[in-house]
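The values are calculated or read from the model by the stated rules, or taken from the named source; none is laboratory data. Since we're looking at a predicted model, the values are computed, not measured. So basically every Cβ, Gly included, is an ideal-geometry build from the backbone, and we count neighbours across all protein chains shown. Protein only, heavy atoms only, side chains kept; ligands, DNA and RNA dropped before computing areas. Shrake-Rupley method; radii C 1.70, N 1.55, O 1.52, S 1.80 Å.
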Amino acid sequence: MKTLFALLLAPTLGMAQNLDVTVTGYPTDTGTTWVSLYDSQAAFNGKGQPVAASRVKPHGGQSHLSFHDLPEGQYAIKLFHDANDNGKLDTNLIGIPTEPYGFSGKPGGHGPAQFEDAAFAVEGDTQITIKLR
């Protein structure tokens, strides 16, 4: 009986999860949103690569994208809406973004978020919403 239970449980252990992301707050449906998914503070802070990255076009003031086959764990997202499609986040003379951007989780205040503030858990299939700043 224990062997049967173990065989039934085994396929669920370590299964890959899906993450569905909705982005809201677009001022326009032009351009492209660049999205990066991270699984560590070092990578989130630019000392490594994202786990996955994607681009999506807004429609009707929002966009939707999915990341598939993720192991359970802590993740964080950075994104920006490249409204003029020049491939970068435009900033003013002192480095403040002039295009909308956003982070997952609950980053506070202005400026770049920290991984621990932007982090969220993927435990099973997960859905999150990020509002552009």
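For segment 1-26, filtered to residues that are exposed (fewer than 11 other Cβ atoms within 10 Å of the Cβ) and hydroxyl-bearing (Ser, Thr, Tyr), the residue that is modelled with the lowest pLDDT is Thr3.
Filter segment 54-95 down to the residues that are in contact with a Leu (Cβ under 7 Å, 6 or more places away or on another chain) and closer than 25 Å to Ala16 by Cα and list them by number. Ser54, Val56, Ser66, Phe67, Leu70, Tyr75, Ile77, listed by residue number. Among the strands (runs of 3 or more DSSP E) confined to segment 44-127, the ones with at least 3 residues that are in contact (Cβ under 8 Å) with a residue 24 or more places away in the chain, open to solvent by less than 70 Å² (accessible area, probe 1.4 Å) and not charged (D, E, K, R) are located at 62-70, 73-82, 101-103, 120-122.
Count of segment 31-42 residues, restricted to those that are in contact with a strand residue (DSSP E or B) (Cβ under 9 Å, 6 or more places away or on another chain) and not in a strand (DSSP E or B), is 4. Residues considered: Asp29, Asp39. Of these, the only one that is among the acidic types (Asp, Glu), touching a Pro at 6+ places or on another chain (Cβ under 9 Å), open to solvent by 30 Å² or more (accessible area, probe 1.4 Å) and within 17 Å of Gly105 (Cα to Cα) is Asp39.
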